[in-house]
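Presented below is the structure to which this report refers.
Rule-based calculations on the coordinates, nothing more; no lab input. Bear in mind that the values here come from a model prediction, so they are computed numbers and not experimental data. Because the Cβ atoms are built from the backbone with ideal geometry, glycine has one as well, and the counts that use them run over all protein chains shown.
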Amino acid sequence: MTNRRTFLRQAAAITGSSWLTFGSCQSKTYSTVTDGITLGVNLFSIPRLLEKDFESAMQMLARIGYRKIEFFGPYDFSPEEEKASWASITPSLGFSGSGFFGKDLKDVKKILDDNGLSSPSLHSALPTLQKNMQALADAANTLGASYVTLPSAETQTSLDGYRKQAEQFEAIGESARRNGVLFAYHNHGNGLKPMDGTVPFELIMDNTGPENVFFQMDIFWMTAGGVDLVQYLHKYKDRFRLMHIKDMSKKVSFSGDGGDPQQWIELFPFLANAGSGVLDLKTIITAARSSGVEHFIVERDLAPDPEKDLAESHDFLQSLKG
């Protein structure tokens with residue numbers, strides 16, 4: 001949580017169709033890489049719009065063509081320590097809302113339904129995952145979400161620290177399953193460089209059960225960590241179930257091991273709309289589909305021009321020829 005808070009505080013300062021047919025529906029001229037995929041959006045892309053008018057923001061996303069919504073916490077049922085941590089950074093972010101932005105969960109569900117939207121995942125920090133799993137799972141179940149996802153974790157100073165983190169994740173995953181949801185971990189760039197001959201992120205994957213702990217691959221941050229995304233998708237088939245899609249204006253890497261939030265913020269200016277950068281999104285998405293990724297979610301952190309940025313990403317991805 002500390003890393004996430006630092007990242008957000010610093011980040012605030014920087015601030016188709018699947019088939020093309022001719023003549024009849026029987027005649028397919030070409031297919032796209034995203035045939036059969038309904039694209040989603042992580043709401044950290046548009047928090048200021050949500051705070052201003054939640055329903056209108058959802059209507060905008062639906063109008064662009066998005067069909068899935070990934071929420072971020074804290075929520076009204078999150079522990080006070082998590083709410084306090086969030087409140088300590090919101091003055092510099094330019095918004096204070098999170099979770100369901102003050103709306104009753106039933107109203108949120110109705111707004112999603114009215115706009116043809118669904119939610120596959122709820123992001124949440126450790127305090128909620130560890131202390132209020134039932135409430136989080138109840139909210140996920142109400143919205144039809146399958147996953148409760150940790151957006152970042154503390155960087156550890158030793159492999160033993162990462163082993164303990166794996167044990168922690170395993171326990172959270174077991175708790176999630178008991179409550180009818182699945183747990184996923186979104187790596188924010190840390191733990192990708194070898195430590196004493198072992199890659200910590202792989203240690204976590206190898207020391208957690210495939211039935212209890214899943215992963216969300218953020219293609220920007222893992223690229224910055226120097227890993228081969230396609231190789232990871234092949235090696236850990238069925239473990240990556242969600243993917244954050246964004247682009248990189250030019251190929252950049254962390255200045256160190258990726259564990260320092262300052263290293264994340266150094267790369268923030270290189271975030272780009274899907275299709276406007278240098279990442280090979282066609283190859284990555286093709287590999288992700290064969291690996292078992294279920295949910296493809298555009299995340300354009302604090303998008304400078306929300307409707308334009310999200311529309312450009314959506315339209316590029318939907319037109320990406322197979």
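Taking the number of Cβ atoms within 10 Å of each Cβ as an exposure proxy, the fewest-first ranking of 235, 321 is 321, 235. Greater than 21 Å separation of Cα atoms is the criterion. Which listed pairs, 52/109; 83/109; 109/308; 250/282; 106/246, meet it? Cα-Cα > 21 Å for 83/109; 109/308; 106/246; rest within. Count the DSSP beta bridges whose two residues both fall in the chain, then state the antiparallel fraction as a percent rounded to the nearest 5. Around 20 percent of the beta bridges assigned by DSSP in the chain are antiparallel ones. The ranking of 82, 174 by Cβ neighbour count inside 10 Å, starting from the fewest, reads 174, 82. Considering only 290, 278, 302, and ranking their Cα positions along the charge dipole of segment 255-322 that arises from unit charges at the beta-carbon of Lys, Arg, Asp and Glu, the one farthest toward the positive end is 290.
Assign unit charges at the C-beta atoms only (+1 for Lys and Arg, -1 for Asp and Glu), then state the dipole size of segment 193-322 relative to its Cα centre in Debye, rounded to the nearest 20.
Working: 13 positive and 20 negative charges, 92 e Å.
It works out to roughly 440 debye.
So, R0 is 51 Å and r is the distance between the beta-carbons of residue 315 and residue 76; what FRET efficiency does that work out to, to 0.05?
Once the sixth-power term is evaluated, E becomes 0.90.
Here the calculated FRET efficiency for residue 63 and residue 84, from their Cβ-Cβ distance with R0 = 35 Å, stands at 0.45, rounded to the nearest 0.05. About the Cα centre of the chain, what is the dipole size in debye to 20, counting +1 per Lys and Arg Cβ and -1 per Asp and Glu Cβ, all else neutral? Computed about the Cα centre, the dipole is about 540 debye.
The simple spin-label model puts a point 7 Å past each Cα toward its Cβ; for residue 163 and residue 142 those points are separated by 4.2 nm. For residue 119, the residues whose amide H sits under 5 Å from its own are 69, ignoring neighbours fewer than 5 places away on the same chain, with H placed 1.01 Å from N.
Charges were assigned to the Cβ only: +1 to each Lys and Arg, -1 to each Asp and Glu. The resulting dipole of segment 102-253 about its Cα centre is roughly 240 debye.
Quick one: plug the Kirkwood hydrodynamic radius of segment 185-322 (C-alpha pairs) into Stokes-Einstein at 37 °C, 0.692 mPa s, and report D in µm²/s.
Working: Rh = 15.4 Å.
So the translational diffusion coefficient is about 213 µm²/s.
Can you sort 64, 285 by how many other beta carbons sit within 10 Å, fewest first?
64, 285
Per residue and in Å³, how big is the convex hull formed by the alpha-carbon atoms of the chain?
Per-residue hull volume (Cα only) is 128 Å³.
Estimated from helical segments only, the mean residue ellipticity of the chain at 222 nm is -13000 deg cm²/dmol, where each DSSP H run of four or more residues counts as -39500 (n - 2.57). What are the ³J(HN,Hα) couplings of segment 313-322, residue after residue, when phi is run through the Karplus curve with 6.51, -1.76, 1.60 and θ = phi - 60°? Round to Hz, x for glycine and proline. Result, rounded to whole Hz: 5, 4, 5, 5, 5, 6, 9, 5, 5, x.
Stretched out fully, how many nm does the piece from residue 198 to residue 131 gain, at 0.36 nm a residue minus the Cα gap? Show your work: numbers first, answer last.
On the way: separation 67, 0.36 × 67 = 24.12 nm, distance 3.11 nm.
Gain in length upon complete extension: 21.0 nm.
Scattering from segment 227-270 was approximated by placing one identical point on each alpha carbon and applying the Debye formula without solvent; log10 I(q)/I(0) at 0.13, 0.24, 0.27, 0.32 1/Å stands at -0.40, -1.00, -1.03, -1.08.
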